[in-house]
1. Please determine whether any residue of the stretch 92-106 is under 29 Å from residue 148 (Cα atoms), at pLDDT 95 or above and assigned to a helix (DSSP H, G or I).
2. Look through the stretch 120-140, keep the residues that are surrounded by 10 or more Cβ atoms within 10 Å (Cβ to Cβ) and part of a helix (DSSP H, G or I), and return whichever of them is modelled with the highest pLDDT.
3. Does residue 67 count as modelled with pLDDT of 95 or more, in contact with a Lys or Arg (Cβ under 7 Å, 6 or more places away or on another chain) and either closer than 25 Å to residue 96 by Cα or exposed (fewer than 15 other Cβ atoms within 10 Å of the Cβ) (or both)?
4. All but one of (1) assigned to a strand (DSSP E or B); (2) of a type outside the set (A, V, I, L, M, F, W, C); (3) in contact with a Phe, Trp or Tyr (Cβ under 9 Å, 6 or more places away or on another chain) hold for residue 66; state the number of the condition that does not hold.
5. Please count how many residues of the stretch 72-90 are free of Cβ contacts under 8 Å to residues at least 60 places away in the same chain and either surrounded by 11 or more Cβ atoms within 10 Å (Cβ to Cβ) or outside any loop (DSSP other than H, G, I, E, B) (or both).
Amino acid sequence: MKTTLLILSLFVSFILAAQNPKYDSGLAKELGADEYGMKMYSFVILKTGPNQIEDKDSSAVLMRGHLDNISRLAENDLLTVAGPFGPNNLQYRGLFILNVATTEEAKELLSTDPAIAAGVFETEIIPWYGSAALPTYLDNHEKIEKTRP
């Protein structure tokens, strides 16, 4: 009997120890978190595409459209992370983490980017499992961003 009580006590202690005392079920639900606080995203690598626009004015219009599209997706909570890579030998230009779970949804969003549509960038889409809290960093970024592109 003592052995059974000891095992039961240890089991209950283990279960209670595994519970996060800071867990906020409302926030977890709002962010779409699973029981581990995670969710699926679409990780996108932007690569140099086959079309390079030589005309500076045309190139500037495409890049402005690219940046405006990034802003629009972020404002609609569809883009969680975006940014360029530094110089590299892989032809990698930047990355997006899109707040969508499927490749099909990601492709649909990427088709709205004029630089991608023009072939200036190509994309690779990879399903990625990350913290559901990732989108909340943008609120703090706005507080430290002195100038907008």
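1. Taking the stretch 92-106 first, the residues under 29 Å from residue 148 (Cα atoms) are 92-101, 105-106.
Now narrow it down to the ones that are at pLDDT 95 or above: 92-100, 105-106.
Still in the list and also assigned to a helix (DSSP H, G or I): 105-106.
Scanning the stretch 92-106 turns up at least one residue that is under 29 Å from residue 148 (Cα atoms), at pLDDT 95 or above and assigned to a helix (DSSP H, G or I).
2. 134
3. Numbers: modelled with pLDDT of 95 or more: yes; in contact with a Lys or Arg (Cβ under 7 Å, 6 or more places away or on another chain): no; either closer than 25 Å to residue 96 by Cα or exposed (fewer than 15 other Cβ atoms within 10 Å of the Cβ) (or both): yes.
For residue 67, the condition - modelled with pLDDT of 95 or more, in contact with a Lys or Arg (Cβ under 7 Å, 6 or more places away or on another chain) and either closer than 25 Å to residue 96 by Cα or exposed (fewer than 15 other Cβ atoms within 10 Å of the Cβ) (or both) - is not met.
4. Of the numbered conditions (1) assigned to a strand (DSSP E or B); (2) of a type outside the set (A, V, I, L, M, F, W, C); (3) in contact with a Phe, Trp or Tyr (Cβ under 9 Å, 6 or more places away or on another chain), the odd one out for residue 66 is (1).
5. Residues flagged as free of Cβ contacts under 8 Å to residues at least 60 places away in the same chain and either surrounded by 11 or more Cβ atoms within 10 Å (Cβ to Cβ) or outside any loop (DSSP other than H, G, I, E, B) (or both) within the stretch 72-90 amount to 11.
The values are calculated or read from the model by the stated rules, or taken from the named source; none is laboratory data. What you are looking at is a predicted structure, and each value in this text was computed from that prediction instead of being measured. FYI the Cβ positions are ideal-geometry reconstructions off the backbone, even for glycines, and counts take in every protein chain you see.
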